[in-house]
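No lab work stands behind these numbers, since they all come straight from the coordinates. Everything numeric in this text was worked out from a predicted model, so none of it was measured.
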Ligand code: SF4
Ligand code: SF4
């Protein structure tokens, strides 16, 4: 039986704020980010996937280009002002 808990909810950098509740896990922001700031988070309990969303993997690399904001069609990422 596989048991894996991986659900990293860190939601922001100096330049962007990510709403995990609004995230549909389409991964467009992950693909759009040139600096690998964003990554995919999966929460499994036993073999059942119960949640997935984008998260901030390395906030220090965020350059504020806002490509992730433009890529998200669900208004789940906004610029920090
Ligand atoms: S603002 Fe640019 S560098 Fe920062 S997370 Fe978004 S796409 Fe990546
Ligand atoms: S583009 Fe928006 S909805 Fe898609 S994974 Fe990123 S934050 Fe979530």
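How big is D for region 28-74, in µm² s⁻¹ as a whole number, if Stokes-Einstein is applied with the Kirkwood radius of its Cα pairs at 4 °C and 1.567 mPa s? Before the final figure, lay out the partial values.
On the way: Rh = 11.6 Å.
It diffuses with D of about 112 µm²/s by this estimate.
With no solvent and one point per C-alpha, what does the Debye sum give as log10 I(q)/I(0) for the chain at q = 0.14 Å⁻¹?
Treating every Cα as an identical point scatterer, log10 I(q)/I(0) equals -0.43.
Counting pairs of alpha carbon atoms under 8 Å apart in space and at least six apart in sequence, what relative contact order in percent does the chain give? The partial results should precede the final answer.
On the way: 164 pairs, mean separation 33.0, N = 81.
Worked out over the chain, it gives 41 percent.
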